[in-house]
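Everything below concerns the one structure shown next.
The values are calculated or read from the model by the stated rules, or taken from the named source; none is laboratory data. The structure displayed is predicted, hence computed values, not measured ones. Cβ: placed from backbone, ideal geometry, glycine included. Neighbour counts: every protein chain shown. Quick note on the areas: whole protein, heavy atoms, side chains included, nothing else; ligands and nucleic acids left out. Shrake-Rupley method; radii C 1.70, N 1.55, O 1.52, S 1.80 Å.
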Amino acid sequence: MARILYPVNEVAQQLGVGLTTAKALIKSGELRSVKIGRARRVPADALHEYVHRLQEEQGDVTATADVA
């Protein structure tokens, strides 16, 4: 079964950014997240949406990003 939620440190690794940058993306609302208790998690589809949005903004909608 595929994971549907990722902790922020794994999100940072998958996106190839630092933990501080991943947290900033979440705080700014650029990357959707949910809170479970005190833990912050990022849905797998939110990662795909974020990368797709970046591709559209940069004019590269033909590239595929397999981040999950």
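Some points to look at:
- Sites count as exposed loop sites when they are trypsin sites (Lys or Arg not before Pro), lie in a DSSP loop, and have at most 11 other Cβ atoms within 10 angstrom; the longest stretch of the chain without one is 4-37.
- Accessible surface of the chain, 1.4 Å probe, proportion on carbon and sulfur as whole %: 52 percent
- Simple point charges give the picture: +1 on the Cβ of Lys and Arg, -1 on the Cβ of Asp and Glu, and for the chain a dipole about the Cα centre of about 580 debye.
- Modelled label positions at Q58 and Q13, each set 7 Å beyond Cα in the direction of Cβ, lie 2.2 nm from each other.
- Both radii were evaluated on the Cα set of the chain; the Rg over Rh quotient, with Rh as the Kirkwood radius, amounts to 0.97.
- Between the beta carbons of M1 and A39, assuming R0 = 22 Å, the FRET efficiency works out to 0.65 to the nearest 0.05.
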